[in-house]
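Notes follow once the structure below has been shown.
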Amino acid sequence: MDAPHRPLTDRTLAALFEGYAWLPDRMRRSPDRVVRTRVMGRPALAVRGPDAVRFFYDERNVHRHGALPGPILDTLFGRGGVQTLDGAAHRARRELFLPLRAPNAVGELAALAGEAWDRAVAAWSRRDRLVLLDEAGAVLTDAVFRWAGLPLPREAVRPVSGDLLALVDGFASLGPRHLRARAARRRQEDHVARVVDEVRAGVIRPPAESVLDRFGRHRDGDGRLLDPRTAAVELLNVLRPTVAVSWYVAFAAHALHRWPEHRGRLRAGDDGDATAFAHEVRRFYPFTPFLAGRTARDLSWRGEELPAGGLLILDVYGQDHDDELWGDPYAFRPQRFAGRRPGRDELIPQGGGDPVAGHRCPGEDLTVRLVATLSARLAALDYDVPWQDLSIPLSRIPARPRSGFVVEGVRGDPEQGRQGTARRAGP
Ligand code: HEM
């Protein structure tokens, strides 16, 4: 039988409801690590492995324009952003984001996040209990607005961080979470577009070369300034994912709770250990389930054909848990990354391929540094972990500990916390 013409049931709902397990479950039955399926009404091939990553990120094979469904654009990404561009238009827009990879920029944001965390710890110690994922959101909002040069009055930190977290939390759901994300997108785009207008009118004067300054002045390949709405979409492409690092902070707390033996190393303050821990948090815990692009031409992968206009899907979560690449992939072992940078196309929680030219996340170095910095501070903190539901259902995108990771009785300043421990009461 001619496989490409076999009618296939559309699996869009399966992808939504089975979440992270959807592709890995089917890949297990495929020795070639390729799954033929149908998604969003299009024929699709799901692939995995470093070779597949290179195939997926080859612009001759895959385009991004028209690949993302409206509900994701209207919540997570916004319309007209860098994620939806190809070729020269993508390269011109991506230039905005490349300076975020510079070591001094990474160091500055991590330092601001560390300071915001230390200020927050003082306030946490006066509260009975708190949800770490939400608190990390406020810490990161405070830090990233300062770093990017956007004004943010103290009283706005919570509402804005609530909106930025909601954009991430609601993009793949139906119902109230999704509606909340849509409202948050409208509110934050309106607000940031007004900020861009005010910068251009000289009412707000951001620090020279800050993110706000550069994005406000950016001209696309056609030489025209970005319209304020698109500039806002791109500024939110910095603010939102930085605040999304809160998920990794909650996952780091989860890891330190389940495997407290890692606490000591982190407390000792070695940057290499903290970086290895951050990589393992990104590998082990579910965040991006898969990525998809539209095939630019007829493609063939390991004997399977996919016509132009189909969907090529990269099984991100599956690759980060592939036995062949990781050996014992469901064991949490930061030592995997001791003294080595992960291979470019092996560890792909934030995409793969060339970090400069393709669509790979330009905030990856920032993320690693933020997770390393805040995990070390978390390990140094003294707190109790009350009984709570810490399960992380893989059917929910994005996954998170159900409780958001509740802590109680935060004690002392972070310096004292360096002697600290987390007492366990729950699962
Ligand atoms: C929680 C941490 C983060 C995760 C899990 C994450 C994940 C990802 C993934 C999976 C992609 C898509 C790659 C692709 O389409 O091939 C991406 C793209 C992107 N990320 Fe991140 N990211 C994170 C943090 C950041 C940060 C901190 C920034 C910036 C400050 C950032 C900015 C971007 C941008 C602008 C893109 C689009 C790049 C393009 O299409 O050219 N991300 N990220």
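I'd like the Kirkwood hydrodynamic radius of the range 212-315, using the inverse of the mean 1/r over distinct C-alpha pairs, in Å. Walk me through the numbers on the way to the answer.
Numbers: mean 1/r = 0.0554 Å⁻¹.
For the range 212-315, inverting the mean 1/r across all distinct Cα pairs yields 18.0 Å.
What does the net charge come to around Asp213 if you take all other residues with beta carbon closer than 12 Å to its beta carbon, with K and R at +1 and D and E at -1? Local charge sum for Asp213: +3.
Using a 1.4 angstrom probe, figure out how much accessible area the chain has per residue, in square angstrom, rounded to the nearest whole. Intermediate results must be reported in sequence, preceding the final value.
Details: 18000 Å² over 427 residues.
I get 42 Å² per residue for the chain.
Put simply, the amide H of Val62, placed in the peptide plane, has neighbours under 5 Å in Ala296, leaving out anything fewer than 5 places away on its chain.
Placing unit charges on the Cβ atoms of the charged side chains and taking the dipole of the range 3-424 about its Cα centre, the candidate lying farthest along the positive direction among Leu130, Pro342, Thr230 is Thr230.
Per the helix-only calculation at 222 nm, which mean residue ellipticity applies to the chain, given -39500 (n - 2.57) for every DSSP H run of n ≥ 4 and division by its residues, nearest 500 deg cm²/dmol?
Numbers: 16 runs with 193 residues, N = 427.
Computed mean residue ellipticity for the chain: -14000 deg cm²/dmol.
When all protein chains stay in place and ligands, DNA and RNA are ignored, the 1.4 Å accessible-area order of Ser125, Ser403, Ser375, largest first, is Ser125, Ser403, Ser375. On the principal axes of its alpha carbon atoms, the range 284-332 extends 40, 23, 9 Å, with the longest extent given first.
Amide hydrogen proximity for Arg38: with H placed 1.01 Å from N in the peptide plane, the residues at 5 or more positions away or on another chain lying under 5 Å are Arg11, Ala44. Taking every alpha-carbon pair in the range 147-294 and binning the separations at 5 Å intervals from zero gives 2, 8, 14, 16, 15, 14, 14, 10, 5, 2, 1 percent.
Take the Cβ atoms of Val131 and Leu13, set R0 to 41 Å, and the FRET efficiency comes out at 0.85.
Here the label points at Arg200 and Arg119, each 7 Å from Cα along the C-beta direction, are separated by 3.1 nm in the simple model. Working note: Debye formula, equal point scatterers on the alpha-carbon atoms of the range 136-202, no solvent; log10 I(q)/I(0) at q = 0.11, 0.13, 0.16, 0.17 Å⁻¹ is -0.28, -0.39, -0.58, -0.64. Placing a label point 7 Å from the Cα of His65 along the Cα-to-Cβ line, the residues of the range 84-104 whose backbone N sits under 18 Å from it are 84-95. Enclosing the Cα atoms of the range 3-424 in their convex hull gives a volume equal to 134 cubic angstrom per residue. Would you please name the chymotrypsin sites (Phe, Trp or Tyr not before Pro) within the range 318-413 that are DSSP coil residues with at most 14 other C-beta atoms within 10 Å of their C-beta? Answer in residue order: Tyr330, Trp387. For Asp51 and Arg219, the FRET efficiency from 1/(1 + (r/R0)^6), where r spans their Cβ atoms and R0 equals 56 Å, is about 0.90. Gyration tensor over the Cα atoms of the range 256-317: the corresponding equivalent ellipsoid has semi-axes (square roots of 5 times the eigenvalues, largest first) of 41, 11, 9 Å.
Summing Cβ point charges (Lys, Arg +1; Asp, Glu -1) relative to the Cα centre of the range 3-424 gives a dipole of roughly 600 debye. Of His178, Val106, Ala89, which is farthest towards the positive pole of the range 70-192's charge dipole, taken about the Cα centre with +1 and -1 on the beta-carbons of Lys, Arg and Asp, Glu respectively? Farthest along the dipole direction, towards plus: His178.
The values are calculated or read from the model by the stated rules, or taken from the named source; none is laboratory data. Quick caveat: nothing in here was measured; it's all calculated off a predicted structure. We place every Cβ from the backbone using ideal geometry, glycine too, and count neighbours over all the protein chains shown. Heads up: the accessible areas ignore ligands, DNA and RNA and are worked out on the full protein's heavy atoms, side chains in. Shrake-Rupley method; radii C 1.70, N 1.55, O 1.52, S 1.80 Å.
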